[in-house]
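The values are calculated or read from the model by the stated rules, or taken from the named source; none is laboratory data. Fair warning: this is a prediction, and the values are worked out from it, not measured in the lab. Counting neighbours? That spans all protein chains shown, and the Cβs are built from the backbone with ideal geometry, glycine included. Accessible surface is based on the protein model in full, side chains and every heavy atom, while ligands, DNA and RNA are left aside. Shrake-Rupley method; radii C 1.70, N 1.55, O 1.52, S 1.80 Å.
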Amino acid sequence: MKSGINYFLALGFFLLTAFLSGCATKTVKEGAFQKAQWETKAMIKNLKENKNQSLTIDIYAIKNERARFEISALLGYQVASLVMSPSDISYAIYPQKTFFYGKNSDRAFRRIIDLPLHPMNLANIAFDEPIRGPGWKCTLGADGFLTECENIQRQMKAVWSDRKEGKKKVVLTGPQFEMQWHFGVPQTEVQFKDDLFTLRQPSGFKAIQIN
């Protein structure tokens with residue numbers, strides 16, 4: 001009888017260990033999904049003008065293909081909507097009533113912020129993918145996840161930290177700004193509508209083409 005009890009205890013321990021190992025494997029492979037949705041918070045410091053801004057950024061993305069960012073300020077005030085692919089981008093700035101559209105490149109944001117970074121890299125950061133482009137070098141930690149990407153020539157750096165159960169913090173810095181970006185747990189069981197990654201010029205907005 002005692003040996004039978006020991007058998008079931010051993011079996012239970014084995015199953016529990018297998019379950020926990022499965023959870024650990026899932027945690028290690030957080031970035032393995034192809035599409036996801038995030039709720040994030042960002043604190044952006046304009047070092048040149050000594051100004052801070054707190055934003056909520058909702059992200060909907062398909063890895064390496066499409067991304068949509070909905071950006072709002074305090075009390076849910078809508079600031080901007082952005083839709084992009086590796087080759088094309090469009091975004092509406094609601095306070096300015098301007099709509100930008102055209103080729104996606106490192107210069108796509110130059111009219112609104114000094115950020116010499118291809119905008120698709122913002123989605124790469126969410127997916128724990130390396131920042132891509134000339135001069136960027138990235139480092140992996142012992143767990144296989146990114147810890148840092150740096151571009152010495154452009155004086156830019158991204159540092160990943162505070163990883164816990166899918167949450168993380170990314171600090172993106174440049175010569176004139178610092179962005180502290182807090183990510184919630186990604187929702188990976190998502191079905192995106194066909195028109196989610198389409199952004200049209202809002203009525204009354206001035207259209208500006210990006211060359």
Positions within segment 192-210 being within 17 Å of Ser85 (Cβ to Cβ) and either exposed (fewer than 12 other Cβ atoms within 10 Å of the Cβ) or of a type in the set (Phe, Trp, Tyr) (or both), in sequence order: Phe192, Lys193, Asp194, Asp195, Phe197, Thr198, Gln209
Of all residues in segment 108-132 being of a type outside the set (A, V, I, L, M) and either exposed (fewer than 14 other Cβ atoms within 10 Å of the Cβ) or not in a loop (DSSP other than H, G, I, E, B) (or both), which is nearest to the chain's Cα centre (by Cα)? Asn124
Tell me yes or no: at least one residue of segment 153-164 is surrounded by 13 or more Cβ atoms within 10 Å (Cβ to Cβ), over 21 Å from Met43 (Cα atoms) and among the aromatic types (Phe, Trp, Tyr). no
Are any residues in segment 196-211 at pLDDT below 95 and assigned to a loop (DSSP other than H, G, I, E, B), and if so, which ones? Asn211
For segment 133-143, does any single residue satisfy the condition of being farther than 23 Å from Asn50 by Cα, without any contact (Cβ under 8 Å) to a residue 24 or more places away in the chain, surrounded by 15 or more Cβ atoms within 10 Å (Cβ to Cβ) and among the hydroxyl-bearing types (Ser, Thr, Tyr)? no
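If you scan segment 167-189, which residues turn out to be more than 16 Å from the chain's Cα centre (by Cα) and either open to solvent by less than 30 Å² (accessible area, probe 1.4 Å) or within 18 Å of Asn124 (Cα to Cα) (or both)?
Within segment 167-189, the subset more than 16 Å from the chain's Cα centre (by Cα) is 174-177, 189.
Correct list: Gly174, Phe177.
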Pull out all pairs, ordered by first then second residue, where Cβ-Cβ is under 9 Å, the residues are six or more apart or on different chains, the first lies in segment 149-168 and is over 17 Å from Pro116 (Cα atoms) and among the small types (Gly, Ala, Ser), and the second is at pLDDT 95 or above and not in a strand (DSSP E or B). Gly166/Gly184; Gly166/Val185; Gly166/Pro186
Give just the number: which of (1) modelled with pLDDT of 95 or more; (2) within 23 Å of Ser105 (Cβ to Cβ) does Arg154 not satisfy? (1)
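So is Gly31 part of a helix (DSSP H, G or I), within 18 Å of the chain's Cα centre (by Cα) and at pLDDT below 95 or not? If you could, list the steps in order and put the result at the bottom.
Working: part of a helix (DSSP H, G or I): yes; within 18 Å of the chain's Cα centre (by Cα): yes; at pLDDT below 95: yes.
Answer is yes for this residue.
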